[in-house]
Structures are given as structure tokens and as C-alpha cells.
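See structure below.
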Amino acid sequence: MGSVHKRDNLKKKLTILPPQTAGMEDLKAQWEHAWEALQKAYDDLEQRIEERTAELMKANAHLVQEIEERQRTENELQRIKEYLENVIDNSVDAIGIVDQHARFILWNRRAAEIYGYHFHELAGKTAFDLYANPADLERMLIKLRHEGVVREYEIAMKKRDGSIVPMDISISLLKDEQGATIGSVCVARDLSDRKKNELELKRARDELSRYSRDLERQIRERTRDITSILRYTPAVVCIKDRSGHYKLVNPRYEKLLGLRNEDIQGKTDHDIFPLELADRFRATDLKVLQEKRSLQVEERIPLKDGSHIYLSVKFPLYDECGNADGLCGMISTDITELKKAQEQLRLLSGSIMDRQEKERAAIARELHDELGQVLTALRMDAVWLGERLKAKDTQAAARSLAMCDLIDTTIDEVRALATRLRPGLLDDFGLIDALDYYTKYFGQRTGITCIFKHLNMPQVDDLVATAAYRITQEALTNVARHAFATKVKIDLQVKRGVLTLSVADNGRGFNPQKLSESDCLGLAGMRERASLLGGSLELQSQPGKGTRVYFRLPLDERRGALP
């Protein structure tokens, strides 16, 4: 900045000097030219100085950057070194580094644990001292010199305590920039546990092999047994998948239905049987698969000699995950003759009950009409006799009046007996009036509150009315004898074409499984009446929770219609 100021002052002085001579003008012109040249040189110098200064600053920044980069590199190298040292020291394998004379340079913690030597205890020893067999060592070294590396080489080595252990060795040579060997890195793994595991695995494989052979033998025996059972059993056996396709049928099935196993496989019941029969078969199959339990059913199968009824058992088949993926059906017993005999017994039982009802009605009429009339006549005579003796013999008159009371009691008992045998209301007025009268009579006789309700009851035929009345009568008799109840409800109604009768008490209840034979007789009679009409009867009871008798009967036009 000082040189610039001096230059400006000099220029100012030159400009104010008066021109003296023409020579001075030339001198001035030369001076100005020189000054311009000097100015240009000075500007060039300043520019070079600025450029050099910029270059120096750039070089300095680059130098600072290089210094920082080198510092980061050194820090990174230090971090990597520490990381590698940590990795080496905490490796699960023993790691050792030796120089070209096999003297130890590095010895990690795992190596100390395996071999029993700490690093300072290896002074004066070489890596060769740790090998158990010199011949094995020489073979490994030859391989190392030839290939420059040894990988997973199994060799015996010595620990500090003198024990010999199998080791898995991997060795890599270390070389300098000129390619000369300066040492080697060895990674070793103790194979003792692996050898033990291999031995255990071998024993396990041998045991598994023996078990497999035994299992195969058992499977062959079981297969032979099952095959024999399927071949020679008198039962008809078939196996289906979940969708109903046949997978297997036994020879008895082939013989009974005249179908070969190879012809039926892959087909369904709808491919083989009439539609109605196939639908029934499929319905029971689906029930077994859905409920996952065995089911015993009666199946009617058309054969060449006519229709037969068989007792069939179906049960689900499960896969390895516990899912029902199929089912097996076994038709074991032809119960056609048994069903015929049961039908004959049912008809006979119905006939006996019908005759019993007729006989009861006849006895009831005789008791009511004949014995009742006789007792009434006796009472009239006793009254007449008492009136005659009143004035002559008071004691005889009193006896006559006592006879009247006894005859009245006998008449009531005869009427009750006749009613129990066959209530006239049932024949004259129908089921509702008969049950209404009987329940009121039952309540008066036993002291048990008896509630009778009915709903939507049509006119039913005599068989239905008699069955409903007798079931109610038997149920109430059991209540009076065994229930120790204070209240009983009778509900009678028809809903959707089905008659239902319920007799429920609040008594002590019982376990139905523990019924004695004598107790079962009344229940068997009720069930027999229900079965004869095509209905069903169910008994529900628990100790302390009362008992309920439930009668259910589908009605048709013959038995009764909806009101």
C-alpha cells in the first residue's frame, strides 16, 4: 500500500511541473511510457503474488486435509486393529501366529484354554512341539509348502497336561512384499466334542436302524394281520376319503354287492346306489366326519334276494395332524330277521296292550255298572232298615247307618278303581277332560300340587289318547311313590304337527344310570307305548333337580290333525 501512495505523489508532481522545453516533452512522453510499463509490471507482480498466495493457501488447505485424512486413517487402523484383536481374542477357535522359525508371535485366549499354555509360557517353544505325531506333522507341512495353505486338516495335538486330542487345523502362510515367507497363521478347533457327538450319532443311527428294522417288521406283521382280517372277516368293510370317494373295499364287500375293488375305487355312493339310498349313506358319513366320533346305524341295502337290514358301524380316520380326512364303515350283522321278529313282537305287544285296555274297560264297566248298582241297592236297603228299626231298636238302627257309611266308602273306592282301570271320560269326552279330571284327583289324593296345561290340541284317535293318558298316569304314579315332590307340571301341546307331553316334578331326582330292574319296568312300559305309535320317550333327571318325562309323537291325518 505504501508503494502505491508514493507512485501517486510522484505522478502528481510530474503533472504540475510546467513544460520547459520540447526535450522535456519527449522526456515526459518517455517517462509516461516507462511509467505505464512499470505500472503493468507492478500489476502483473501483484497478480502473481495473489495467484501464488492462493496456491499456497490451497496447498496449505490440501496439506491440512491430508493431515486430517491421515489422522482419520490412523484412527481407523487403530480401531480395526483393536477390533481384530478383540475378534481374535474372543474367537471360538484357537488362533496362533508364528514367525518363519515357528516361534509364537500371537496366542489368543481360546488357544490358551484349549492347549493349557498362556502366551508367556510358550517362550522357548515352537509350534512343532505341540504336534503329537512327527510323521503326521511332516505330511501336513509338505501339503502346506506345496499348496501354500492347509484347510480343515485333522491331526492329533498335545495339551500342556500331556493329553492327546484331535484338532481341526487350518494354516495360511504369511509373506512379505517380495513373496518371501515370514510366518504363518494357524486356526485350530478342538474336535473332542465333535468326535463324541459323532460317536453318539453313530450309536443313535445304529439304534435308529435297529428300531426302523423292528418297526418295518411290525408294520409288515400288522399289515399282514390287517390284510388277513379284511380278507377273511365276515363283516363288510369299506374305506372312503372325506369327499365320499371309495379308497378300499374288502372281499366280503365285493361278494355281497357284486362289485370289484378296482371298479369301485374313486367312485361315490351316488355312482353305485340309487339316489335315495346314496343320500342316506352320505348323510351318516357327514355326521361321522362332523362330530368326529363313531356312529352305529341301521342301513337297508338292496340285494339280489331282496332288501336286507344291516347293523353298520362308521368311525372317522385321522391324518398325522389329527384331522378327520376319511372314514371306515363296517357292516357287521344282518339283522333283517331280527327286525322282522322285533316288528312281530311290536305288533304282539300292541295287540296285548289293546286287549289289556279293552279288558280294563270291560272290568271298569262291570265294577261301575254291576257292582256299583249292587252297592247302591244295598245302601237303599240299609237306609230302609234303619228307618224301620229307629223306633224299635236304636242300636240296630245305628248299625244300619254305619253300614250306609261303609257302603258309601266302598262305592267311592269302586268308582276310583274303575276310573284308574279305564276312565269313562277318556272314551266319552276325550284326552283333555280325562287328564284334567285325573290330575285334579291326583292332587287331592296325594296333596301334591298338580298343574295341567294344554295348547293347540286337536282331536286325536283312541290309540294316541290312550298312550298319552297311560304315560301321564304312570309318570304321576312314580312321582307319588319316589319323588318326594311338592309340585308337578303336565304340559300337553301340538306344534308343527308333533304332539309333545311333558311331566316334570320338583322332587329329589336320581341318576338314570342307577335305575333298578323293578324301577325300569314302568319306564319300559311307557317307552313301549311311545314306540308302538312311532314316537319317542325321554327321561331326564339329576339328583336334587327333579325329574322330567318327555313324550314326543309326530301326528298324521289318521292320528290327529292341527286345530
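Quick check on my link table: of Lys247/Lys314; Lys240/Lys292; Lys287/Lys495, which ones sit more than 22 Å apart, alpha carbon to alpha carbon?
Checking Cα-Cα distances, Lys287/Lys495 exceed 22 Å.
Any idea which of Val498, Thr446, Pro543 is furthest toward the positive side of the dipole for region 430-563, if Lys and Arg beta-carbons carry +1 and Asp and Glu beta-carbons -1? It is Pro543, whose Cα lies furthest towards the positive end. Amide H to amide H, with H built 1.01 Å from N, Val165 comes under 5 Å of Met157, Lys159, counting only residues 5 or more places away or on other chains. Ranked by how many other Cβ atoms sit within 10 Å of their own Cβ, fewest first, the residues His146, His245, His118 fall in the order His146, His118, His245. At what distance in nm do the modelled label points of Phe119 and Glu69 sit from each other, each positioned 7 Å from its Cα along Cα→Cβ? In this crude label model, Phe119 to Glu69 measures out at 3.4 nm. Could you pull out which residues in region 164-203 have an amide N less than 11 Å from a spot 7 Å beyond the Cα of Arg210, following the Cα-Cβ vector? Answer for this model: 203. In this structure, the pairs whose alpha-carbon distance is over 19 Å, taken from Lys159/Lys202; Lys143/Lys196; Lys125/Lys159, are Lys159/Lys202; Lys143/Lys196. Computed from phi, the 3J(HN,Hα) profile of region 68-79 under the Karplus parametrisation 6.51, -1.76, 1.60 (θ = phi - 60°) reads 5, 4, 5, 5, 4, 5, 4, 5, 5, 4, 4, 5 Hz, with x in place of Gly and Pro. If only the Cβ of Lys and Arg carry +1 and only the Cβ of Asp and Glu carry -1, the dipole of region 424-501 around its Cα centre is close to 500 debye.
Annotation for region 119-213: trypsin sites (Lys or Arg not before Pro) lying in DSSP loop with at most 14 further Cβ atoms inside 10 Å of their Cβ are Lys125, Arg160.
Read-outs: derived from the displayed coordinates by stated rules, not from any lab. This structure is a prediction, so every number in the text was calculated from the model and none was measured. Glycine gets a Cβ as well: all are built from the backbone with ideal geometry, and neighbour counts include every protein chain shown.
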